[in-house]
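The values are calculated or read from the model by the stated rules, or taken from the named source; none is laboratory data. Nothing here was measured: the structure is a model prediction, and the numbers come from that model. Here the Cβ is made from the backbone with ideal geometry for all residues, glycine too, and neighbour counts use every protein chain on show.
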Amino acid sequence: MTLTTYICFAMLTVSMVLLDIWQTRGGNITLKRATAWSIFWFVLAFGFAATIYLFWDFYAPNSSYSAEKATLSFLTGYLLEKSLSVDNLFVFAIIFAQYSVPEHLRPRALLLGVIGALVLRAILIAVGAQLLVQYHWLLYIFALFLIWTGVHLAFDKGQEQVSPLPEKLIRKWASVTNDFRGNALTVIESGQRLLTPMAIVIGVIAFMDVMFALDSIPAIFAVTREPFLVLAANVFALLGLRSLYFVLQGMMDKFLYLKPALSFIMVFIGIKMLLVGSAWEIPTLVSLAVLILTMTIAVIASMLKQRQITQVDALSNDNQTN
């Protein structure tokens, strides 16, 4: 991968971040608007996949990947990161509820959280790629970590609290105002610089971004170890996260089978990673099919279960009325 490719992609990323800032200006995000932009980001990712197929020799003139393999690896990695990022949205919702973040301030908090995630993941990808080149056995450590994470997620009780560690560290070293001051992270009162609760929210989001990256980065390395494809998949998965949050905001209590689906995906990807280089290596096309099938089943099962719950509630209300 050439330096020119990374510079051009960095410029593209900055342009897309600026576009995302522009489309969420004002902080008033309607469901219709969020849905339209979620579709736009999804289509844009597939458009980028088309450019990989057409111009892969320009992107990576010395790569061992063919254009077809690179395109398939990007799409699989993108869908994997997108599915795992849905869990991020639930945690963001918990953070906002836990710290009583006003609705009109949430787009800015999400923006800073996404930018932080992009920077952190770029660093982890660069470090992880170099480590895997020098120490192939780390792949198996990552694999076992993913399988453990998937099993742990399957038995997760879903506690509605996020780790207070970042807040404790921030409050230990700085004074914090009692209320939000718009989008400001700091204010000056009586000649003293104070942090606002927004700074704590951003700190907690950044901390959770690191936790999520420790799961998702090893997962995508099971799909491809081409750093550019790993980075591109993460960028496109994260960029549409803000719009997707507002789409799912009213549906979060309806996606009942998200955790089992993500648990299965993590274990599957961990097994795939363990089998890399063996006679039983799982093809990327199979991985893509498993991801799509798993999330489709989870969505349909959630819809059917929610419909059943609604019918039971309606019947119970009728019986109480009679």
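Would you point out which residue out of L258, L285, L274 is within 19 Å of K82 (Cβ to Cβ), of a type outside the set (S, T, N, Q) and touching a Phe, Trp or Tyr at 6+ places or on another chain (Cβ under 8 Å)?
Unique residue meeting the criteria: L258.
If we keep just the residues of region 150-206 that are aromatic (F, W, Y) and at pLDDT 85 or above, which is surrounded by the fewest Cβ atoms within 10 Å (Cβ to Cβ)?
Among those that are aromatic (F, W, Y) and at pLDDT 85 or above, it is W173.
Within region 214-233, does at least one residue satisfy the condition of being among the acidic types (D, E), in contact (Cβ under 8 Å) with a residue 12 or more places away in the chain, assigned to a helix (DSSP H, G or I) and under 20 Å from L288 (Cβ atoms)?
Scanning region 214-233 turns up at least one residue that is among the acidic types (D, E), in contact (Cβ under 8 Å) with a residue 12 or more places away in the chain, assigned to a helix (DSSP H, G or I) and under 20 Å from L288 (Cβ atoms).
Restricting attention to region 300-322, report how many residues are among the aliphatic types (A, V, I, L, M) and surrounded by 14 or more Cβ atoms within 10 Å (Cβ to Cβ).
Number of matching residues: 2.
Cβ-Cβ distance below 9 Å, separation of 6 or more or different chains: which pairs start in region 111-138 with a residue that is among the β-branched types (V, I, T) and surrounded by fewer than 18 Cβ atoms within 10 Å (Cβ to Cβ) and end on one that is at pLDDT 70 or above and not in a helix (DSSP H, G or I)?
V133/R225
So the check is Cβ under 6 Å with 6+ separation or different chains; which pairs have a first residue in region 33-54 that's within 13 Å of F74 (Cβ to Cβ) and of a type in the set (A, V, I, L, M, F, W, C) and a second one that's at pLDDT 90 or above and crowded, with 20+ Cβ neighbours inside 10 Å?
Within 6 Å, the pairs are A45/Y78; A45/F236; A49/T71; A49/F74; A49/L75; I52/A70; I52/T71; I52/F74.
Looking for whichever is modelled with pLDDT under 90, more than 21 Å from D209 (Cβ to Cβ) and not aliphatic (A, V, I, L, M) here; the options are S38, S63. Which one fits?
Result: S63 is the single residue among S38, S63 that is modelled with pLDDT under 90, more than 21 Å from D209 (Cβ to Cβ) and not aliphatic (A, V, I, L, M).
Which numbered condition in (1) over 22 Å from F221 (Cα atoms); (2) surrounded by 13 or more Cβ atoms within 10 Å (Cβ to Cβ) is the only one that L18 fails?
For L18, the failing item is (2).
Against the conditions (1) out of contact with any Lys or Arg (no Cβ under 9 Å at 6 or more places or on another chain); (2) at pLDDT below 80; (3) over 26 Å from A109 (Cβ atoms); (4) surrounded by 15 or more Cβ atoms within 10 Å (Cβ to Cβ), where does K259 fall short? Just the number, please.
All conditions are met except number (3).
Which residues, counting only those in region 260-306, are farther than 21 Å from Y65 by Cβ and either of a type in the set (D, E, K, R) or in a loop (DSSP other than H, G, I, E, B) (or both)?
Within region 260-306, A279, W280, K305 meet the criteria.
Taking the options V91, V86, V43, V17, name whichever one is within 20 Å of the chain's Cα centre (by Cα) and modelled with pLDDT of 90 or more.
Result of the check over V91, V86, V43, V17: V43.
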